[in-house]
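Laboratory data are not the source of any read-out in this text; all were calculated from the coordinates shown. Note that this is a predicted model, so its numbers are computed, not measured. No Cβ is skipped: glycine too gets one built from the backbone with ideal geometry, and neighbour counts run over all protein chains shown.
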Amino acid sequence: MIPEDLVPPDCPYPIVLGIDPGTRHVGWGALLIVPENPRFVACGVLDLPLREPVSTRLGVLLDELEVMLARLRPAWVAIEGAFSARNARSALRIGEARGVVMGAVARRGTRIEEIAPAAAKKALVGHGAASKEQVARMIGNLLDIETESLKDDATDALALAWSVAQRLRFAEHLGSARRT
């Protein structure tokens with residue numbers, strides 16, 4: 001889990017937290033939005049108890065998210081947008097996890113950005129059909145972190161956070177350009 005002192009209370013920069021939801025594994029990645037480029041804070045994967053019923057796993061997810069949100073205090077949460085899967089059951093399960101995430105985030109009053117996986121890949125790699133390996137390699141290069149030992153869920157979450165961070169930086173740049 002996330003150390004309590006990871007983000008100092010007086011941190012002047014906002015955090016964007018990316019979340020790749022699921023009912024077995026939930027990827028997360030946090031970036032600090034600084035003027036130059038987003039900076040890596042932390043990432044990981046919440047491994048939910050596979051032998052438990054889905055309802056229990058969703059309860060564990062809610063508990064873990066509440067701790068994570070309290071410790072990271074993100075200004076934005078980027079969550080993988082809804083998609084249609086070949087397997088309707090899989091799509092339903094992901095939708096259930098998305099609902100838990102969105103409810104926990106909304107309850108804190110934190111802004112939610114839904115990002116389609118292809119849009120996150122395009123923002124990061126330049127095309128929406130990038131492979132998991134390409135996403136991991138690019139996020140590692142951009143954030144200057146080692147990604148070989150990270151699970152795909154974590155690098156996918158960092159890609160979501162990166163996508164929102166870039167949108168925010170672009171919007172801020174555009175806003176300051178309009179004021180001059």
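Observations on the model:
- If you take all other residues with their beta carbon under 15 Å from the beta carbon of ALA119, and give Lys and Arg +1 and Asp and Glu -1, the sum is -2.
- Listing GLU66, GLU113 from fewest to most neighbouring C-beta atoms within 10 Å gives GLU66, GLU113.
- About the Cα centre, charge dipole magnitude for the chain (Lys/Arg +1, Asp/Glu -1 at Cβ), debye: 680
- Highest-fluctuation residue, VAL101, VAL125, VAL67 considered, GNM on the chain with Cα pairs under 10 Å: VAL67
- Max mean-square fluctuation residue, GNM over the chain, Cα-Cα springs under 10 Å, options GLY95, GLY126, GLY27: GLY126
- Long hydrophobic helices in the chain, taken as whole DSSP H segments with a C-alpha length of 20 Å or more on their own axis and mean Kyte-Doolittle hydropathy at least -1.0: 54-72, 88-108, 152-179.
- The modelled label-to-label distance for the pair VAL60/LEU92, using points 7 Å beyond Cα in the direction of Cβ, is 2.2 nm.
- Dividing the convex hull volume of the alpha-carbon atoms in the chain by its residue count gives 128 Å³ per residue.
- Going from the fewest other Cβ atoms within 10 Å to the most, the residues LEU32, LEU158, LEU65, LEU6 appear in the order LEU6, LEU32, LEU65, LEU158.
- Between GLU114 and LYS132, the modelled label-to-label distance comes to 2.5 nm, taking each label 7 Å out from Cα in the direction of the beta carbon.
- Across ILE115, ILE145, ILE79, mean-square fluctuation computed from a Gaussian network of the chain (C-alpha pairs under 10 Å connected) peaks at ILE145.
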